[in-house]
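What follows is a single structure, written as structure tokens, with notes after it.
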Amino acid sequence: MLIMGEVHTGLLRNLGELSETECREVLRLTSGEEPRTWQRPLLYAISPDVLTGVDCRLPSSSGARIRGTGTVSHRATIVGGRVLQGSSYTTLLRSDSDQRLPWSHYLAAPGVVEVYGRPRWQDMADGFVTPEPPMDVLNVGAISGRLMGAVQDSARLDRKTPFKTTRTRLRWLFERDDARGDGRPAMRLTLGRDTMRTLRFTGEPTTDVVAFCEDLALHDWLLTTLQTLIQRALIGTAAPAQIAARLSPAIDHLLHLWMPGARVEEPFLPFWEELERHPGFTRQWTSSVARIRDQITVNTLSLLSVTESRREADGDPSPRRGVPQDRTQSHSHPVRRRIFFRADQRSRRRS
Amino acid sequence: MLVFAISDKGGTGRSVTSSNIVYRRALRGNDVCYLDFDFGSPTAGAIFNVSTAERGTDRGGMHSYLQEKVAEPYRVDVWTSSDRSALRGKPPGAGQLVLLPGDSSGGEFPTVPSVVQQCVRLFLRLDEEFDLCLVDLSAGRSYAADMVLAATARPELAAIPFRWLVYHRWTRQHIIAAAGLVYERRGLLDVGAAHGHDKRRLAEQIRFVRTAVVEPSSPDLSALRSTQLAWLDECNRDLHELAGRNRVGRTAMLGKVPLDPVLQWREQIIVDEDVYASQIANEGTTRAFDDLATKIFDERAWEGL
Ligand SMILES: Nc1ncnc2c1ncn2[C@@H]1O[C@H](COP(=O)(O)OP(=O)(O)O)[C@@H](O)[C@H]1O
Ligand SMILES: [Mg+2]
């Protein structure tokens, strides 16, 4: 048997963050059923699984014409009211029949595709992870893509993007660990040359694997998006104010979302631990965040020295004159907040 | 931002100029994509030297996507897929440069409501990711032009700004044809209005681009006899007058691209290497592309006519 799936991750098409109620409304439309939500440690809203019936050719690296019938499960998730995921997956099992049975048979086992003949699992697995499989084979990614589109097109969203981002795709494949059987996780994560990542791993089959893959896809997207922002900021070349402006979407929308493993069941935590060792997700994230904060500080300092010299020219030593006290609290932009904070310290030192 | 590139006639330089514009915006850090809606002859792959999409793709190009035969359109990342070494490898600070090729066996298809809806979906989807989506339409009055006029009139796209570039060469025939494409009966304004656009506001989103222009004052022409130069000068003055009368004059023009020896021979992206290292292309050409790339986003260039 094999479990295969694909998770697409992208920024929700809405200027502001969605509240729990809004997440529910948006997701209800995709399935017609009540989504589940969690408040801790971060707002998660997950639509119930919906099924898509398939009766088609299955992937094969040798080009063999294998067919299967059954259903693919899919669901949409909104993380932090900000990031959208479309996830679809199915378990491939050998069929006891060599012809199609009534649909009621397949509906009795949701999220399973029965494979006709003698399946060669390895061949199917290799076929699934090839970058451009034939157009007529089962494409779970297309189902994820359609699901993303359905949510993004929701009339509940204002269809405005706070900043431009690229969706990433994680194609994953879970195989039963027959060969090794020592219980240790074995996995391989490959970054493609575009936005596609593939993950192959082995273990005891359970559908908890889906939540793990979604969590990994989320953090891979966060990291990818952060790296893109940093790369575009042209640190070391552009002016500090420009760099700060280019980095500000990270602070406004992304940094608080980093919580690897938050939604992952116990048996899958070792996989996260392995990813933390190599390639070192959180290591890269932490150093990127530090880099961003440093740049913002540099910009703040250069802004301060400008205002300072202006003030001296005006003969006005008080940095906060005319600024109501609660402005410093109500202003949500961290850059600004820091300016006021430092200005405070200075004025105190002076008096 | 959506930018639609159109021309009345084929061979005006619409695809080559548009490709160079998106290339220059990508160099400046914008995420850009180029959509090949020239359903009759998809060629954008060739301009970017992407051999896998030279004559469109058979893996679900624009036609297949608009007819809902595939869930996601096939996309080509130029920085990783171009066969030309000068285009391979994203320069520091550059944005995405993505090509959405047409189908290799495409052809036109009629604008039915489901196709317009799918077009709306596509534009929304791309707006999530790109600062600039340049849509290369076919020459003349086409289904593609009709479809995007219908799509951009839909309330779902109200938040996404769009602009039109009408390309023409600097000749009598081209000037008259370009004006006709916009202002005449069943022209862009008429069709747009029929789809629900406000005619005046639509007109404000349309600008003309002159291609392969030879200036009589150009140093390239210094070898001509003075009688020839005087004659050229007079022709040029006539053309300006004709353009003005047809509402294709200076105020309606976004920019012009000089005739370039390289482009005369080959449809390609002009990279700095072509200008400064091998010196086969003219600096004036890249300056013109840069100028257009700037003005597309410059509100002052789009203030009321
Ligand atoms: N500025 C220019 N100078 C000289 N030739 C040009 C220029 N712009 C385009 N061309 C050439 O004109 C021909 C038609 O250009 P193309 O972009 O394919 O036109 P269209 O897309 O309008 O059909 C091509 O051979 C192209 O290289
Ligand atoms: Mg063309």
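Values quoted throughout were computed directly from the atomic coordinates according to the rules given, and no laboratory measurement underlies them. What you are looking at is a predicted structure, and each value in this text was computed from that prediction instead of being measured. Neighbour counts are summed over all protein chains in view; Cβ atoms, including those assigned to glycine, are modelled from backbone coordinates with ideal geometry.
Values as computed for the structure displayed
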read-out	value
Rough spin-label spacing in nm, given labels placed 7 Å along Cα→Cβ, for B:Asp190 and A:Glu274	6.7 nm
Cα gyration tensor shape of segment A:42-190, rounded if a/c is under 1.5, else prolate or oblate by comparing a/b with b/c	prolate
Relative contact order for segment A:2-299, counting Cα pairs under 8 Å that sit 6 or more residues apart, in percent	20 percent
Base-10 log of normalised Debye intensity for segment B:2-302 (one unit scatterer per alpha-carbon) at q = 0.08, 0.09, 0.13 Å⁻¹	-0.34, -0.43, -0.91
3J(HN,Hα) from dihedral phi, segment B:201-217, Karplus parametrisation 6.51/-1.76/1.60, rounded to Hz, x for glycine, proline	5, 5, 4, 5, 9, 10, 9, 9, 10, 8, 10, 6, 7, 10, 8, x, 7
Inter-label distance for B:Gln67 and A:Met259, nm, one decimal - labels placed 7 Å from Cα along Cα-to-Cβ	4.7 nm
Net lengthening on full extension, A:Thr297/A:Thr237 (0.36 nm per residue, minus Cα-Cα)	20.0 nm
Most mobile of B:Thr251, B:Thr211, B:Thr43 in a GNM of chain B (Cα contacts under 10 Å)	B:Thr251
Alpha carbon convex hull of segment A:2-299, projected area averaged over orientations, nm²	16.6 nm²
Square roots of 5 times each gyration tensor eigenvalue, C-alpha, segment B:71-226, largest first, Å	30, 26, 15
Inter-probe distance in nm under a simple model that places probes 7 Å from Cα toward Cβ, at B:Gln173 and A:Arg40	7.7 nm
Binned Cα-Cα distances of segment B:146-305, short to long, each 5 Å bin given as a whole percent	2, 8, 15, 17, 17, 16, 11, 8, 4, 2, 1, 0
Once the Cα gyration tensor of segment B:252-305 is diagonalised, semi-axes √(5λ) in Å	26, 11, 8
Gaussian network model of chain B, springs between alpha carbon atoms under 10 Å - residue of B:Tyr23, B:Tyr34, B:Tyr183 with greatest fluctuation	B:Tyr183
Principal-axis tilt of helix A:20-31 within chain A, Cα atoms, nearest 10 degrees	30 degrees
Over the protein assembly as shown, volume per residue of the alpha carbon convex hull, in Å³	203 Å³
Whether segment B:148-217 is rounded, prolate or oblate, judged on the alpha carbon gyration tensor where a/c under 1.5 counts as rounded	prolate
Kirkwood hydrodynamic radius of segment A:161-261, from inverse mean 1/r over distinct Cα pairs, in Å	15.8 Å
For segment B:268-279, Karplus couplings with θ = phi - 60° (6.51, -1.76, 1.60), whole Hz, Gly/Pro x	7, 7, 8, 9, 3, 3, 5, 8, 9, 8, 7, 6
Under-5 Å amide H pairs with B:Val135, H placed in peptide plane, nonlocal only	B:Val3, B:Phe4, B:Ala5, B:Leu35
Zone of B:Leu221's modelled label, taken as backbone nitrogen in segment B:238-259 under 15 Å from a point 7 Å along Cα→Cβ	B:238-241, B:257-259
Sites matching GluC sites (Glu not before Pro) across segment B:48-132 that sit in DSSP coil, with at most 16 neighbouring C-beta atoms within 10 Å	B:Glu68, B:Glu108
Stretchable slack from A:Thr206 to A:Asp126, in nm (0.36 nm times residue separation minus alpha-carbon distance)	26.7 nm
Amide proton proximity set for A:Thr202, modelled H, under 5 Å, gap of 5+	A:Glu175, A:Ala186
Sequence of B:His63, A:His253, A:His105, A:His278 once ranked by neighbouring C-beta atoms within 10 Å, starting from the fewest	A:His278, A:His105, A:His253, B:His63
Amide H contacts of A:Trp172 (H built 1.01 Å from N, under 5 Å, at least 5 apart or other chain)	A:Gly5, A:Glu6, A:Val7, A:Leu199
Calculated [θ] (222 nm, deg cm²/dmol) that DSSP helices of n ≥ 4 give over the protein assembly as shown, each run adding -39,500 (n - 2.57)	-12000 deg cm²/dmol
³J(HN,Hα) computed for each position of segment B:59-64 - Karplus, 6.51 cos²θ - 1.76 cosθ + 1.60, integer Hz, glycine/proline x	10, x, x, 4, 5, 4
Aspartates and glutamates with Cα under 13 Å of B:Lys9, excluding same-chain neighbours fewer than 8 positions away	B:Asp38
Gained length - A:Glu20 relative to A:Met135, 0.36 nm times residue gap less alpha-carbon distance	37.5 nm
C-alpha long axis of helix A:334-350 to longest principal axis of chain A, angle in °	30 degrees
Fewest-first ranking of B:His174, A:His256, A:His8, using other Cβ atoms within 10 Å as the exposure measure	A:His256, B:His174, A:His8
C-alpha long axis of helix A:281-314 to longest principal axis of chain A, angle in °	20 degrees
